[in-house]
Amino acid sequence: MAASATPRNAEPARVVAVAASGGRDSTALLHATVHAAGPLGIRVVALHVHHGLMPQADAWLAHVRAQCRRWAAAGHPVSFVAQRLAGQPAAGDSVEAWARRERYAALTAMAEAAGATLVLLAHHRRDQAETFVLQALRGAGPAGLAAMPRQAHRAGLTWARPWLDVDDAQIAAYVARRRLRHVDDPSNADAAYARSRLRARVMPALRDAFADAEVALAAAARQAQWARQCLDECGRDDLAPLVDDAGALHLRRLLALGGARARNALRLWLRERLARTAPATLLDRLDAELPKASPGSRWPLPGGASLVLHRARLRVCDAAAAAPERPRQLALTIDAPGDVDVPAWGGRLQVRAVPRDGVALATLRGCELRVRSGGERFQFAPRSAARSLKKQFQAVGVPAAAREAPLLWCDDTLVFVPGLGIDARSRAAPGEPQVALRWLSDVAASGSRRRAR
């Protein structure tokens with residue numbers, strides 16, 4: 001199992017992060033990754049999230065930290081990072097959904113701080129089968145039935161589940177053979193949680209009745225993943241002529257697609273703008289009401305936003321008060337790593353020193369933030385083609401809200417696009433002092449900061 005600790009065909013990263021709860025599965029994955037990484041010169045960092053929901057949480061954190069110290073003392077390249085979640089689920093929010101959402105946010109922050117670009121998760125075949133059944137019981141479509149992807153790219157990180165096809169018994173055998181100590185979370189047996197009820201009552205009965213139930217359910221999830229990818233690819237092709245430069249959707253052109261294709265294109269357009277999947281009930285309502293909708297019609301969306309029909313186009317309007325008018329351009333002087341506050345744009349530019357694939361610090365001593373005006377082209381890699389921002393945003397699934405962030409220019413050269421990164425044509429030469437850039441919108445400032453002038 002050690003050989004499969006990193007995903008097949010993945011480019012080796014100099015720092016690999018492993019989500020480590022201290023449970024059996026993540027302990028096995030962390031151990032396998034540490035032992036596979038050593039000979040390759042890769043440093044491993046264990047990321048632990050303290051949810052604050054169980055009285056044993058402090059002991060679990062201490063356990064994983066001590067385990068990493070023992071392995072590091074034995075000559076294995078592993079470090080430990082932990083983050084305690086603040087707050088608690090809001091009224092009406094499920095504990096499971098809140099914990100999952102906050103856990104991924106914490107893992108993202110810790111991985112970025114550690115310099116990792118790859119985060120490994122210990123989900124296995126039984127987890128995948130359970131997720132498929134849970135989604136089916138919730139009436140999910142292909143997106144939900146696709147369950148957990150083997151690999152995904154979010155927030156500039158690659159998230160991988162290298163053991164998604166591995167049998168639960170194989171992991172148990174790995175742990176027993178190496179006498180790995182791990183913790184047990186009592187909430188896994190708490191019938192208050194849907195997954196716990198499914199795991200304790202439903203899955204054993206399924207396995208008794210159908211010996212290959214887990215294999216079949218995991219295979220069904222893979223089929224749903226392919227179906228979802230197909231729907232997304234077709235939807236992007238259909239959307240291309242329907243969306244204007246401001247991101248609004250032409251209603252008549254949408255309706256001309258007809259039936260399932262129109263619904264699929266609308267689903268994808270809403271997902272890109274809301275950064276979440278629209279409920280089926282909302283899509284059902286829009287199916288019925290859009291053909292006869294009048295100008296000014298409005299539909300509530302998840303998160304408090306609204307869908308508005310104006311001048312024959314659909315737009316997503318945020319619930320918050322209209323933002324103040326932003327300047328079309330703003331001069332910056334960046335001469336050292338740190339954070340540059342840009343209050344006029346409601347965000348900040350994070351500047352971090354990197355050894356490669358950055359932009360020369362000297363370039364940024366005279367740069368400028370500008371609004372997107374149309375016609376800009378971005379190049380991901382030196383040998384790739386420069387394509388329009390619209391196509392590049394669509395290719396990597398950048399949410400619509402993130403596409404409104406300012407672009408960083410040096411004279412007439414595009415340097416950095418939030419959500420896409422540094423343009424390959426602006427990368428620094430090897431050995432030159434350089435930095436990576438990241439745009440953070442409406443996030444509380446911390447650490448070293450300078451105000452844009």
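The values are calculated or read from the model by the stated rules, or taken from the named source; none is laboratory data. Everything numeric in this text was worked out from a predicted model, so none of it was measured. Cβ placement follows ideal geometry from the backbone for every residue including glycine, while neighbour counts extend to all protein chains displayed. Ligands, DNA and RNA are stripped out before the accessible areas are found, and what is left, the full protein with its side chains, is counted by its heavy atoms. Shrake-Rupley method; radii C 1.70, N 1.55, O 1.52, S 1.80 Å.
Tabulated data for the structure shown
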item	result
With all protein chains modelled, accessible area of H31 [1.4 Å, Å²]	20 Å²
Exposure ranking of W163, W439 by accessible area [1.4 Å probe, largest first]	W439, W163
Accessible heavy-atom area order of R313, R178, highest first, probe of 1.4 Å	R178, R313
Structure-based [θ]222 nm, the chain - -39500 (n - 2.57) summed over DSSP H runs of at least 4, per residue, nearest 500	-11000 deg cm²/dmol
Phi to ³J(HN,Hα) by Karplus 6.51 cos²θ - 1.76 cosθ + 1.60 over the stretch 288-304, Hz, x for Gly, Pro	7, 9, 4, x, 10, 6, 9, x, x, 4, 9, 10, x, 10, x, x, x
Approximate spin-label separation R383-A344, in nm, with each point projected 7 Å along Cα-to-Cβ	4.1 nm
Solvent-accessible area per residue, Å², over the stretch 118-161 with all protein chains present [probe radius 1.4 Å]	38 Å²
Calculated log₁₀ intensity ratio I(q)/I(0) where the Debye formula runs over C-alpha points of the chain, q = 0.11, 0.14 Å⁻¹	-1.06, -1.54
Label-point gap, in nm, between H76 and V215 - each point 7 angstrom along Cα→Cβ	3.1 nm
Within the chain, percent of DSSP bridges classed antiparallel, to nearest 5	70 percent
Amide proton proximity set for A275, modelled H, under 5 Å, gap of 5+	A400
Built amide H within the under 5 Å cut-off of G23, gap 5+	V183
Heavy atoms of E432: accessible area, 1.4 Å probe, square angstrom to 10	70 Å²
Counting all C-alpha pairs of the stretch 338-381, share separated by more than 13 Å (%)	71 percent
The stretch 112-224 - percent of accessible surface contributed by carbon and sulfur, probe 1.4 Å	53 percent
Overall dimensions of the stretch 225-355 as given by Cα atoms, namely Rg and Dmax in Å	18.7, 57
Carbon and sulfur %, accessible surface of the stretch 286-415 computed with the full protein complex present, 1.4 Å	51 percent
Contour minus Cα-Cα distance for Q88 and D190 (0.36 nm per residue)	34.8 nm
Average accessible area per residue (Å²) across the stretch 200-333 - probe 1.4 Å, nucleic acids and ligands excluded	58 Å²
Cα-based equivalent ellipsoid, the stretch 174-251: semi-axes from gyration tensor eigenvalues, Å	42, 18, 16
Label point distance in nm, S306-R199, each placed 7 Å from Cα along Cα→Cβ	4.4 nm
Accessible area, probe 1.4 Å, largest first, for residues D339, D318, D167	D318, D167, D339
Neighbourhood net charge (13 Å Cβ-Cβ; Lys/Arg +1, Asp/Glu -1) for D287	+3
Quotient of C-alpha Rg and 2.2 N^0.38 Å, computed over the stretch 53-156	1.29
